[in-house]
Amino acid sequence: MSDSYTPTPADKFTFGLWTVGNPGRDPFGEPTRQPLSAPSIVERLAGLGAYGVNLHDNDLVPIDAAAAERDRLVREFKQALSDHGLVVPMATTNLFTDPAFKDGAFTSADARVRAYALHKTMLSMDLGHELGAQTYVFWGGREGTEVDAGGKLLDALSWFRDSLNFLAEYSRSQGYNYRFALEPKPNEPRGDIFLPTVGSALGFIATLDQPDLFGLNPEFAHETMAGLSFPHAVAQVIDAGKLFHIDLNDQKPGRFDQDLRFGAENLKTAFFLVKLLEDTGYDGPRHFDAHALRTEDEGGVWAFARGCMRTYLILREKARQWGEDAEIQAALAAYRVEDEELQGLTGKFSPENARALKRRSFDREMLGRRGPGLEQLDQLTVELLLGVRGGTSTASQPETEVTT
Ligand code: GLT
Ligand code: MN
Ligand code: MN
């Protein structure tokens, strides 16, 4: 069945091979689903209206594959992409599964591991480029510690910086011209991961040799795990001109990284996120870094994938209705008090503006008394989301006559 919430490639929805391909393993239990081959994932995602598929090197090519095996897997994957019209907008390196990386990759205290991490990442960047990827993600899952007795906190930041500078130069020297996106996460699998939040990553980028090549890949679940608001984090990333990619999913605060179906848990937050992305004209991929519940069989996996995309499209439509809802817009206009003269004085410093402001008297009590109407504005938003306002309201539909 197709309706106006059926995705098309123009919506730019992407999934990782590791997301729909997640077999349902967790730290306490074995996989509950059969592995899916990369070409079969491409075929199914295309059938659902996705735009692209992303991958780690080892999602496609096992870490110990011989050259002939690698070439066959890459060839078959490329064939599936061209048969089904899917693209690979983003690639990344698995620097977390192999035991060699148990105490970090770029930030390992062992110089041999740091060198191996660079070696593996360059080969993975070669693969990503061969597949057409333009964004390269760094999720430093193992870059962190459980104990700080090793005394490497400052060294780790410096090793991390050297590695990113090295790889940015490698990209340039090869003509790959990747844009790099750092993905912060506060913890898991490490007790504490370096660059734990969006704010930390933004601060770190400013210390790199070529900061313009680096941006963010913020993830809904990761900021939520840190007890932070994802729309607030994304707004700061947009303000900095650094939204290079985005990982959409959902999460209960205070839990392990759940990677739930987009919109499964925090619908209102998801709504304001979609509204932010759409209002600000984000035109990159909407990547769902989530996976089906471990309870599900393969049918559940495709229901999950379809659900992520449908919820995004439904929220996008809700955001449009919100912008056209007269009562909501009136409440919004009342909330945001304009004062041309004062805005003229505060917008930019000049000695005259400063003098005029200092001379000015303010009715402080009146300012404190004013109720800005946020309860009403938020309730209108909730009612719109619940479908009792505007086009979806049954109350506003004319009654149909029942003939017997
Ligand atoms: C891993 C992690 C994700 C990252 C992926 C990219 S791998 O699944 O939980 O948040 O985006 O390396
Ligand atoms: Mn996650
Ligand atoms: Mn992610």
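Brief remarks on what is shown
- Heavy atoms of the protein chains alone define the surface here; on that basis segment 326-385 has 81 Å² accessible area per residue at 1.4 Å probe size.
- A Förster radius of 22 Å, combined with the Cβ-Cβ distance separating Leu342 from Leu374, puts the computed FRET efficiency at roughly 0.50.
- 16 Å reach of a label modelled at Ser2, 7 Å along Cα-to-Cβ, counting backbone N of segment 36-52: 45-51
- Across segment 359-369, coupling constants 3J(HN,Hα) worked out from phi with the 6.51/-1.76/1.60 Karplus curve, θ = phi - 60°, read 6, 5, 10, 10, 8, 4, 5, 4, 4, x, 7 Hz, and Gly and Pro carry x.
- Those residues of segment 16-55 whose amide nitrogen sits under 11 Å from the label point placed on Asp83, 7 Å along Cα→Cβ: 39-44
- Put the Cα centre of segment 119-146 next to the Cα centre of segment 261-335 and the gap is 28 Å.
- Applying the Karplus relation 6.51 cos²θ - 1.76 cosθ + 1.60 with θ = phi - 60° to segment 73-84 yields 3J(HN,Hα) values of 4, 5, 4, 5, 5, 4, 4, 5, 4, 6, 4, 10 Hz, where x marks Gly and Pro.
- Where segment 9-322 is the region considered: accessible area per residue in Å², 1.4 Å probe: 42
- Among Met309, Met90, Met366: highest mean-square fluctuation, GNM of the chain, C-alpha pairs under 10 Å: Met366
- Once all protein chains are placed together, Lys78 keeps about 80 Å² accessible to a 1.4 angstrom probe.
- Net dipole in debye of segment 9-322 [+1 Lys, Arg Cβ; -1 Asp, Glu Cβ; about Cα centre; nearest 20]: 560
- Listed residue (Val20, Thr97, Thr32) projecting farthest to the positive dipole end of segment 9-322, Cβ model: Val20
- Sites count as exposed loop sites when they are GluC sites (Glu not before Pro), lie in a DSSP loop, and have at most 15 other Cβ atoms within 10 angstrom; the longest stretch of the chain without one is 147-337.
- Relative contact order of the chain, pairs being alpha-carbon contacts under 8 Å that are 6 or more residues apart, as %: 14
- For the chain, the share of accessible area belonging to carbon and sulfur comes to 52 percent (1.4 Å probe, ligands and nucleic acids excluded).
- Distant-in-sequence amide H partners of Leu182 (H built 1.01 Å from N, under 5 Å): Phe138, Gly215, Leu216, Asn217
- 5 angstrom amide H check on Gly24, placed H, neighbours 5+ away: Thr32
- Residue pairs, from the table Lys12/Lys275; Lys102/Lys185; Lys185/Lys252; Lys102/Lys252; Lys268/Lys318; Lys102/Lys152, whose Cα atoms sit over 19 Å apart: Lys102/Lys252
- Once the chain from Leu332 to Leu357 is taken as fully extended at 0.36 nm per residue, the excess over their C-alpha distance is 6.3 nm.
- Local electrostatic count at Ala156 - Lys and Arg +1, Asp and Glu -1, tallied over other residues with Cβ under 14 Å: -3
- Contact order, relative form, for segment 54-95: 70 percent (alpha carbon pairs under 8 Å, 6 or more residues apart, mean separation divided by residue count).
- Taking Cβ atoms as reference points and 12 Å as the exclusive limit, the residues near Leu267 contribute a net charge of +1, counting Lys and Arg as +1 and Asp and Glu as -1.
The values are calculated or read from the model by the stated rules, or taken from the named source; none is laboratory data. Because the structure is a prediction, the values reported are computed rather than measured. Positions of Cβ are backbone-derived with ideal geometry, glycine not excepted, and every protein chain shown enters the neighbour counts. Keep in mind that these areas ignore ligands, DNA and RNA; they rest on the heavy atoms of the full protein, side chains included. Shrake-Rupley method; radii C 1.70, N 1.55, O 1.52, S 1.80 Å.
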